[in-house]
């Protein structure tokens, strides 16, 4: 056998798979609103493309108690019948914790040496013999988990442990591909705002802060761009000729007519000859009726519920 | 009973119902600035024109108005734009659709103005009328299916009634096309007209009850 040709063919396959995943990631990341969506996407991609039975992504974070803890942010299975308790338990958490604390770049263990024999036997039935751990970090700050409702969140730089459960150890090329893809994903996440810039002080944030929508207090309200939200049910399931479709307030109606999706609030005030107070009231009315949505100049949707509250 | 009594009743019913909906839609458009309302208003307005033009063409024999070109093509186009306005809700899409509808409607009205000089009949009339008449039936049937899907998912009375309206219109137009190719189809034609009248009455009821 010509191992050189076999080796070069394998490298080509590895590179094309790598490229395939990265290309798909470029497309999918545009729809993502939170870093956890990216983590889940990556986990599923590794399961699908590398044939890995289980992939987990753990991170280190500082909770409201200001103590460092390990938290699972994504998990993907190849076989849905795998009992969750077998693969999500304190032993796995300890494993993730050790990777994070030691920052082990490439750890490979036999499951039978890490798990109690009963648990190892269960995993063995599903063909899981080995666990590979990879540590990745970035100076970018990791947003809290999406469901975190705590009042204060201490942001920390990203420190992640990827756990791969498999029947055979990964080849070196496969390991490199996983790490490369993850690094690309982190870079993209920073570019897309799913990870917060390291230049922001890693201090406390009040309230439930997530990647999007942006905080309206960061933007001058009159720089925001309103866009119309057409009622999807009109004429489909609701009578279009009922009086409820009317915009009763004259100024709101004037403002709504002027909205073309490109002019900001300041421009609309100029065109409609509304002063600041009138424009704010009109916008609030339109927002309350769900007739418009506000966007920042970069095209990101803005949480308008807090927009004009202090005016 | 005059032979074209039912056809006249149909024309007048279509004229009155379409005109009412058109005027109401345009009024609400001035108050709500919704693109979908504009498209509805314009479509129903053109439909009312086709109805009154058909009535005049059939009954005022002293005038030579070759209305059929305008009638068939306009009705097909109007139903098509109503269908297109339902399928998507994006503001950009509806604004562009509105612009296209305005342009096409201007062309259709030009067709109406040219009716005195247009040929009296279509080339290969049996086939052409069947295709144009059949296209109205087909588009109405597609709209019926659309409302049926909405009703199945949302269970709204409005969707049910509108689905019924377009099913009846589709059936009526389908029954009308047999006369173009087969003989002695007057009964089918009249049943088709009555079906459409019934559909229009339900449309009017839906506007008030839906």
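The values are calculated or read from the model by the stated rules, or taken from the named source; none is laboratory data. All of these numbers come straight from a predicted model, not from anything done at the bench. Here the Cβ positions follow ideal geometry from the backbone for every residue, glycine too, while neighbour counts run over all protein chains shown.
Taking the conditions (1) more than 23 Å from residue B:73 (Cα to Cα); (2) surrounded by fewer than 17 Cβ atoms within 10 Å (Cβ to Cβ) in turn, residue B:126 satisfies each one other than (1). Note on segment A:224-310: enclosed helices (runs of 4 or more DSSP H) holding 1 or more residues that are within 10 Å of another protein chain (Cβ to nearest Cβ) are A:250-258.
A quick yes/no check of all residues on (1) within 14 Å of chain A (Cβ to nearest Cβ); (2) surrounded by fewer than 20 Cβ atoms within 10 Å (Cβ to Cβ):
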| residue | (1), (2) |
| --- | --- |
| B:155 | yes, yes |
| B:166 | yes, no |
| B:170 | no, no |
| B:180 | no, yes |
| B:184 | no, yes |
| B:188 | no, yes |
| B:194 | no, yes |
| B:200 | no, no |
| B:208 | yes, yes |
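As a summary of the residue check, residue B:62 satisfies the conditions (1) outside any helix (DSSP H, G or I); (2) within 14 Å of chain A (Cβ to nearest Cβ) except for the one numbered (2).
Yes or no: segment B:113-123 includes at least one residue that is over 22 Å from residue B:185 (Cα atoms) and crowded, with 16+ Cβ neighbours inside 10 Å. Yes. Among the numbered conditions (1) away from chain A (no Cβ under 13 Å); (2) outside any loop (DSSP other than H, G, I, E, B); (3) surrounded by fewer than 21 Cβ atoms within 10 Å (Cβ to Cβ), the only one that residue B:70 does not meet is (3).
There is no residue in segment B:50-57 that is touching a strand residue (DSSP E or B) at 6+ places or on another chain (Cβ under 7 Å) and either touching a residue at least 40 places away in the same chain (Cβ under 8 Å) or within 10 Å of another protein chain (Cβ to nearest Cβ) (or both). One residue alone among A:285, A:228, A:236, A:253 is within 22 Å of residue A:31 (Cβ to Cβ), outside the structural domain of residue A:139 (by TED's automatic domain parsing), at pLDDT 80 or above and in contact with a helix residue (DSSP H, G or I) (Cβ under 9 Å, 6 or more places away or on another chain), and that residue is A:228. Has segment B:106-125 got at least one residue that is at pLDDT 95 or above and within 11 Å of chain A (Cβ to nearest Cβ)? For segment B:106-125, residues at pLDDT 95 or above and within 11 Å of chain A (Cβ to nearest Cβ): absent.
Out of the residues in segment B:31-44 that are without any contact (Cβ under 8 Å) to a residue 60 or more places away in the chain, more than 9 Å from chain A (Cβ to nearest Cβ) and more than 19 Å from residue B:132 (Cβ to Cβ), state the one that is surrounded by the fewest Cβ atoms within 10 Å (Cβ to Cβ). Looking at the filtered set, the residue picked out is B:41. When each of B:7, B:25 is tested for being more than 20 Å from residue B:111 (Cβ to Cβ), outside any loop (DSSP other than H, G, I, E, B), more than 12 Å from the chain's Cα centre (by Cα) and within 14 Å of chain A (Cβ to nearest Cβ), the lone residue that passes is B:25. Each residue in segment B:50-66 was checked for being under 27 Å from residue B:99 (Cβ atoms) and surrounded by fewer than 23 Cβ atoms within 10 Å (Cβ to Cβ), and 2 pass.
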